[in-house]
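The values are calculated or read from the model by the stated rules, or taken from the named source; none is laboratory data. What you are looking at is a predicted structure, and each value in this text was computed from that prediction instead of being measured. Glycine gets a Cβ as well: all are built from the backbone with ideal geometry, and neighbour counts include every protein chain shown.
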């Protein structure tokens, strides 16, 4: 979608923005951005409750719940302990899944470094391999 034929001024001293060339984010793009925001907040503030995720992200609680359910189904995050609170409902805390790992590679002209890391960026294993090329 684009807003054709409209021009808006941001402030005096700035040139006008021609909205004919501005693309609006699709709901798919917005959903992906919100998902990335939630996953990054879980990574940086874990363990964290859904309510705290909503407060920190500025997203609606229903949006956060939908994203969390998807991330749980895909096993990116896991539910942990139930937090103790002086009053009200006791929240279930969320963290990154420590059982998921990634294989990463640093390829160079004469060597390769391979590593296995968890979602928190901890290196679990690594190997450096020499690469010899025939002349």
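Taking the options 100, 59, 107, name whichever one is within 29 Å of residue 128 (Cβ to Cβ), modelled with pLDDT under 95 and within 16 Å of the chain's Cα centre (by Cα).
Details: 59 fails: within 29 Å of residue 128 (Cβ to Cβ); 107 fails: within 16 Å of the chain's Cα centre (by Cα).
Exactly one of 100, 59, 107 is within 29 Å of residue 128 (Cβ to Cβ), modelled with pLDDT under 95 and within 16 Å of the chain's Cα centre (by Cα), namely 100.
Would you tally the residues in the range 53-75 being closer than 27 Å to residue 101 by Cβ and buried (at least 18 other Cβ atoms within 10 Å of the Cβ)? Explain how you work it out, then say what you get.
Filtering the range 53-75 down to residues closer than 27 Å to residue 101 by Cβ leaves 53, 56-57, 64, 66-75.
Cutting the leftovers down to buried (at least 18 other Cβ atoms within 10 Å of the Cβ) gives us 53, 64, 67-68, 71.
Here the count works out to 5.
Run residue 84 past the list (1) part of a helix (DSSP H, G or I); (2) modelled with pLDDT under 95 and report the number of the one that doesn't hold.
(1)
Out of curiosity, is residue 79 within 11 Å of residue 95 (Cα to Cα) and exposed (fewer than 14 other Cβ atoms within 10 Å of the Cβ)? Working first, answer last.
Numbers: within 11 Å of residue 95 (Cα to Cα): yes; exposed (fewer than 14 other Cβ atoms within 10 Å of the Cβ): yes.
So residue 79 fits the description; yes.
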